[in-house]
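Read the structure below first, then the notes.
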Amino acid sequence: MRGRVPEMLLGVGFLGIMTTLYLGLNWAPSVSINAFESPAAQRIFYWHVPSAWAAFIAFGVLFVGSALWFFKRSPVGWRLHVAGTEAGLACGLMTVWSGCVWGAAEWGTPWDWTDVRLNTFGLLTLLALFLVLGRQSQPDGVETRDTFSTFGLFGFVLVPLTYIATRIWQIRHPGPVIAAGDDGGSLQSDMSLVLLIGALSFTLFIIGHMLISMRITHLEQRLESAQKSLDGGN
Amino acid sequence: MAETLLRLEDLEVSRGMNKVLSSFHLEIKSGDVVVLHSENGAGKSTVIESSARLLPLEKGSVFHHDTLVLDAEGRRNLPKIPFGLTLQSNGLVGDETVENHLMTVCALSQMTTDVTPILESYGLAHRKHDRIGQLSGGQARKVAVISGLLPAMLSSKPRLILLDEPATGLDQSAVQTLVSTIGQLRSAGHGFLIASHHPSMLECATRLHDLKEEVEHKPSDDKTWTAIGHPEPQTLVAARAGNRYLRSTRAGLARNGLTALLVLGTLMAFVDPSNIENQTLLVGFVLSAPFAAGLAGDPVLYLLREQRAVDWWRANVQRLPSADLFAPLTGVIFTAIGTVVFLGRFDWKVTMIGALVLWLTMASVRFIEINTLRLARPNAVFLRLLLPILILPWALVAEYTATL
């Protein structure tokens, strides 16, 4: 049973995400037609915000994994790094894609190169893509792990910058809707409930995804070690 | 008592997933010739490259002349006394002439000399003014070996010389010359660490080391080498080499200049500035050419990728040759053209900002590229994916410039 925990988390998370999607599109109340150019498009936020939340969790894992490998040479740290990059890429792409759809409907343009949060988040996703593709292009070894861990550590600077970006430079991107402090948090309770279900579901899904990814990396390492033994190496 | 030229203390070095060296100790004193002769893959080159500060250490420290130059904490200090290095893959830039390369080696030792007699002894005098890329493999190897020996040939004080497979690719007479030179330099008090299986190299050793244990060896007596160098203080050797590479190859124009020109041309084909009143947009067009030229990267770094020349330079200097002088000049030229085309007048403030944009963009790209050089396949990594990080600062600079 214990060995099936990642799959269970993945399954429960997936069901929760589907539920969020259904509730967000069909049940949650509409926003005021005066507050938005395209009120219907706002419903994509029930996908956009939880996936951004999950992406931050994944980027956090990427940072911890990078630090563990770089400073402690921990093999578990490297597995966390790999899992964090893959999950960060998946969630980052979901966030960026849904944000572009909303931006096209609300702003009239899918991307704004002067919006700091948009760009820093896009860069985090590109960093994850760079790390995933880069790792696949190199043989496994300390050189590969050191280099990509360094980029993982540098890239994490973007996470707090992305989080506080709309508080410092609110050019186009809406301000925070979660943990907004005294001057925010104008969401109706039904909207908050759907967002909460979404955030929980994405969290479970991403944890399950990362656990499975870590298991696969471990198996890849065992396979490589077995192949080396057959080659007559170490 | 003989001076210690190299001390490796408790080295642990990993390459790939293998721990190549573990608890490795070695000391080379003035007059020693230590030849590493273990089997392939045992770590001979790893010892040489660790001694030259090219590989990060998992544990241990490297000392040159009793001064720390590398340790496992990440300290990487430039040796106070220059040393000679011949890498297994030459470390030469093909567009450099033989004489220029050897004079650069002299300059790194703060010395000068006439290199013709040395080239004559290796049968290369007639190739002195030729580009290294025009030489045969064996001739290029001779140049790499001479540049490794040169710091010792120049100096009357003991120097450390690191040679990785120096006899590979050399003809018999060149090997004989090499063995004789090593013997004479050893008699003059210089110290050698050599990785080789070549029987002639083994003959000139004072100690034979198989990375587990070493045995003493008595080489034949040689006459003593007389130093041929004359002191000549040199500054900014790497920067001057970078500019020389750019002048001889025009790589900066080919990579960065043409990129800027293409961007300007493309914009001019589609944009009529007389119909645009938005100043930010027009300044954005002006600054796009230097920005694109900067994104093309440092042309000198691309030249240094040939035959691991970048590693040879990394061993010898703290700051690699670069296009630092070329970048702002190119930035001035293309931004000035842009201001005339898109703003209708020459604007020196925008031109200066354009020069700065090109220089900073190129430096950022170089920083990212240098950090991936250690990878097994640095060219296969998707570096361009990281470059959009520069678009936001560029957009903010363009926005600010429009307000001037």
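Read-outs throughout are calculated quantities, based only on the coordinates presented, and are distinct from any laboratory measurement. Predicted model, so just to flag it, every value in this text is computed and none were measured. Here Cβ is always computed from backbone atoms with ideal geometry, including for glycine, and neighbour counts include all displayed protein chains.
When only Cα pairs below 8 angstrom with a gap of at least 6 residues are kept, region A:57-123 shows a relative contact order of 24 percent.
How far is helix B:391-402 tilted off the main Cα axis of chain B, in degrees rounded to 10, range 0 to 90? On a 0 to 90 degree scale, this one is about 50.
Peptide B:373-379 has a mean shielding of 5, counted as Cβ atoms of other protein chains within 10 Å of each residue's Cβ.
Taking every DSSP helix (H) stretch of at least 4 residues in chain B, weighting each as -39,500 (n - 2.57) and dividing the sum by the residue count yields a mean residue ellipticity at 222 nm of -13000 deg cm²/dmol. Each residue of region A:81-89 was assigned a 3J(HN,Hα) from its phi angle through the Karplus curve 6.51 cos²θ - 1.76 cosθ + 1.60 (θ = phi - 60°); the sequence is 4, 4, 4, x, 5, 5, 5, x, 5 Hz, with glycine and proline shown as x. On the principal axes of its alpha-carbon atoms, chain B has extents of 85, 46, 33 Å, going from largest to smallest. For chain B, the longest principal axis of the alpha carbon atoms and the long axis of helix B:326-338 meet at an angle near 10°.
Rounded to the nearest whole Hz, the Karplus-based 3J(HN,Hα) values (6.51 cos²θ - 1.76 cosθ + 1.60, θ = phi - 60°) of region B:202-216 follow the sequence 4, 5, 8, 7, 9, 9, 9, 10, 10, 6, 10, 9, 10, 10, 6, with x at glycine and proline.
Spatial offset of region B:131-208 relative to region A:35-107 amounts to 55 Å, using the alpha carbon center of each. Distance between the pseudo-spin-label points of B:Lys212 and B:Arg319 (7 Å out from Cα toward the beta carbon): 4.8 nm.
Take the residue pairs B:Lys19/B:Lys212; B:Lys80/B:Lys157; A:Lys72/A:Lys228; B:Lys19/B:Lys44; B:Lys59/B:Lys142; B:Lys29/B:Lys223 and return only those whose Cα atoms are more than 23 Å apart. Listed pairs above 23 Å: A:Lys72/A:Lys228; B:Lys59/B:Lys142.
The calculated FRET efficiency for A:Met18 paired with B:Ile81, based on their beta-carbon distance and R0 = 60 Å, is about 0.30. Computed from Cα atoms, the angle from the helix B:137-154 axis to the main principal axis of chain B rounds to 70 degrees.
When region B:237-402 is described by a simple charge dipole with +1 on each Lys and Arg Cβ and -1 on each Asp and Glu Cβ, the residue from B:Asn316, B:Leu281, B:Ala238 located farthest towards its positive end is B:Asn316. Taking θ as phi - 60° and the Karplus parameters 6.51, -1.76 and 1.60, the scalar couplings of region B:47-57 work out to 5, 4, 6, 5, 5, 8, 6, 8, 10, x, 9 Hz in sequence order, x denoting glycine and proline.
Cα gyration tensor of the protein assembly as shown, axes a ≥ b ≥ c as square roots of the eigenvalues: rounded (a/c below 1.5), prolate (a/b > b/c) or oblate? Because a/c hits 1.5 or more and a/b fails to exceed b/c, the protein assembly as shown counts as oblate. Its relative contact order, with pairs defined as Cα atoms under 8 Å and 6+ residues apart, puts chain B at 16 percent.
Here the contact order of region B:237-402, divided by its residue count and restricted to Cα pairs under 8 Å and six or more residues apart, works out to 30 percent. Treat region B:4-231 as a sphere of radius equal to its Kirkwood radius over Cα pairs and apply Stokes-Einstein at 10 °C in a medium of 1.306 mPa s; give the translational diffusion coefficient in µm²/s, rounded to a whole number. The diffusion coefficient I find is 90 µm²/s.
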